[in-house]
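Some notes on the structure that comes next.
The values are calculated or read from the model by the stated rules, or taken from the named source; none is laboratory data. Computed from a prediction, not measured in an experiment: that's the story for all the values here. Don't worry about glycine lacking a Cβ; one is built from the backbone with ideal geometry, like all the others, and counts go over all protein chains shown. Remember, those area values only see protein heavy atoms, side chains included, never the ligands or the DNA or RNA. Shrake-Rupley method; radii C 1.70, N 1.55, O 1.52, S 1.80 Å.
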Amino acid sequence: MSRRSGILEFAVLGLLRESPMHGYELRKRLNTSLGVFRAFSYGTLYPCLKTLVANGWLIEEPGNTAEDALAAPLAGRRAKIVYRLTAEGKEHFEQLLSQTGPDAYEDETFAARFAFFGQTSRDVRMRVLEGRRSRLEERLEKMSASLARTRERLDDYTLELQRHGMESVEREVRWLNELIESERAGRDLKGPAAGEPDSRDTTSGASGGLPRPGDHPRPDTPDDTAT
């Protein structure tokens, strides 16, 4: 499984852990709630759903709304399929949530992991945040060394682009520092965020999330993660 398809499967399982959804609703949530999936299509989503069904992590059910019930007789349309997480799927997702290896710190993975921090235990959140911070601090050190070596050979615009990249990484490091400090202090979120369960969720260890400083950006992530 590629890293990108693995991230998409993780996000789909996480969203369906909240409630069953149609494919269209899933795609909308992935696009609007999880910005890391802004650029992907039904051609990417539906093979992913079929794989999850084949693995026994999802089941397909006929839609049960009045609109769905009328869909089939009208012009030969098929009723919408609803995707529901199975017990095995929930267990698999919880296993994925507990992972804190190097992949969790990468640009393509971190944003998706962070979106489901409300379903993640505090100790795992801390390890992912600290791992991400270490990864970015290493990146800053390399960027600074590279800039020092090549400064004299760069024109003003290229130099400014390099500085902009470093400033973006520095902002995220400051943002992570605040989140880590908040986690250590045990401060809670005011309400559910994108991809997080509502207040009725009783996931073990998932209470006590992170404040979201309004003046700090979310991590910079590519738009084509799920393509």
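Here are some notes:
- Ligands, DNA and RNA excluded, the heavy atoms of LYS90 present near 90 Å² of accessible surface to a 1.4 Å solvent probe.
- In this simple spin-label model, placing a label point 7 Å from the Cα along the Cα-to-Cβ direction at both GLU88 and ASN177 gives a separation of 4.8 nm.
- Heavy-atom accessible surface of segment 101-155, averaged per residue, reaches 49 Å², computed with a 1.4 Å probe.
- Cβ crowding within 10 Å averaged over residues, with 145-157, 114-126, 165-177 ranked highest first: 114-126, 165-177, 145-157
- Site pair ILE81 and THR51 shows an inter-label distance of 1.6 nm when each label is modelled 7 Å from Cα along Cα→Cβ.
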